[in-house]
Amino acid sequence: MTHSTPVEHLLENLRETTIQISRLNLDEEANDSLLLSLQNNQVELRHQIEEILLEEGRSFNEHEKPYIKECFMLEQNNLEKFKTIQQSLVGKLQRINSGKVSRELYQYEEEQSVGFFIDKNR
């Protein structure tokens, strides 16, 4: 039976949280709040790991480094996924904006200010 350090336990949780993020279907709006919650959880886990390492005055040991490598690879995959989604959304926004511009070119509406004219001569 191997003895797991507190840092290893937190790294396992970080890995599981990162895996959950990678499995999210980001096309579903309902997952937006879950994504935010999971990302906040990642930040908290990283903070706890950092505190323990600072208290113990050490860096990651040989048993903990594989977790770091795996988390890093998962994060790289998530980053690529997010970049792809971002590029898709930017393209959609550009098409929407170009549609608005072309519609305005053909549907010119004359603007008229509402107001009163006061004739000082009367």
Among the numbered criteria (1) open to solvent by less than 80 Å² (accessible area, probe 1.4 Å); (2) outside any loop (DSSP other than H, G, I, E, B); (3) under 18 Å from ILE68 (Cα atoms), which one does SER4 miss? (2)
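Could you tell me whether ARG103 is among the basic types (Lys, Arg), modelled with pLDDT under 70 and part of a helix (DSSP H, G or I)? Talk me through it step by step, then tell me what you get.
Numbers: among the basic types (Lys, Arg): yes; modelled with pLDDT under 70: yes; part of a helix (DSSP H, G or I): yes.
The answer is yes for ARG103.
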Being open to solvent by 90 Å² or more (accessible area, probe 1.4 Å) and of a type in the set (D, E, K, R) is the filter; apply it to the range 17-43 and report the residue that is modelled with the lowest pLDDT. ASP27
When you scan the range 83-91, do you find a residue that is more than 17 Å from the chain's Cα centre (by Cα) and not aromatic (Phe, Trp, Tyr), even just one? yes
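What are the residues in the range 60-82 that are under 18 Å from the mean Cα position of the chain (by Cα) and open to solvent by less than 90 Å² (accessible area, probe 1.4 Å), if any? Spell out how you get there, then give the answer.
First, the residues of the range 60-82 that are under 18 Å from the mean Cα position of the chain (by Cα): 71-82.
Within the range 60-82, CYS71, LEU74, GLU75, GLN76, ASN78, LEU79, LYS81, PHE82 meet the criteria.
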When you check ASN25 against the structure, is it in a helix (DSSP H, G or I) and over 20 Å from SER4 (Cβ atoms), yes or no? no
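The values are calculated or read from the model by the stated rules, or taken from the named source; none is laboratory data. Everything numeric in this text was worked out from a predicted model, so none of it was measured. FYI the Cβ positions are ideal-geometry reconstructions off the backbone, even for glycines, and counts take in every protein chain you see. Note: areas computed on protein heavy atoms with side chains; ligands, DNA, RNA excluded. Shrake-Rupley method; radii C 1.70, N 1.55, O 1.52, S 1.80 Å.
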